[in-house]
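What follows is calculated from the coordinates using simple rules that are stated; it is not laboratory data. All values reported here derive from a predicted model rather than from experimental measurement. For neighbour counting, all protein chains shown are included, and Cβ atoms are generated from backbone atoms with ideal geometry for every residue, glycine included.
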């Protein structure tokens, strides 16, 4: 079987103490997925942008993973005509 490679791109932006990350995946032969994650700076915390970036990116990837699991369950159900429950 030929190797397949899927790449996820993450775009991060910041505005007024809030960080937003979007994780995008374009699998071959199907619609793209985009997960979104948000983080905000607690006013009592020191401003360390890397921490907000990490948290927003982690949340975006978790959202993306959830969408992939849901899509897989739908594909299994369409293929087998049985209900599928995937836990991730």
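A few remarks follow.
- Sub-6 Å Cβ pairs linking a first residue in region 15-32 that is on the phi > 0 side of the Ramachandran plot to a second residue that is surrounded by fewer than 18 Cβ atoms within 10 Å (Cβ to Cβ) and in a loop (DSSP other than H, G, I, E, B), at least 6 apart or interchain, are 17/41, ordered by first then second residue.
- Failed condition for residue 43, given (1) closer than 28 Å to residue 16 by Cα; (2) under 21 Å from the mean Cα position of the chain (by Cα); (3) in a loop (DSSP other than H, G, I, E, B): (2)
- Residue match in region 12-24 (condition: exposed (fewer than 12 other Cβ atoms within 10 Å of the Cβ), more than 17 Å from the chain's Cα centre (by Cα) and outside any strand (DSSP E or B)): yes
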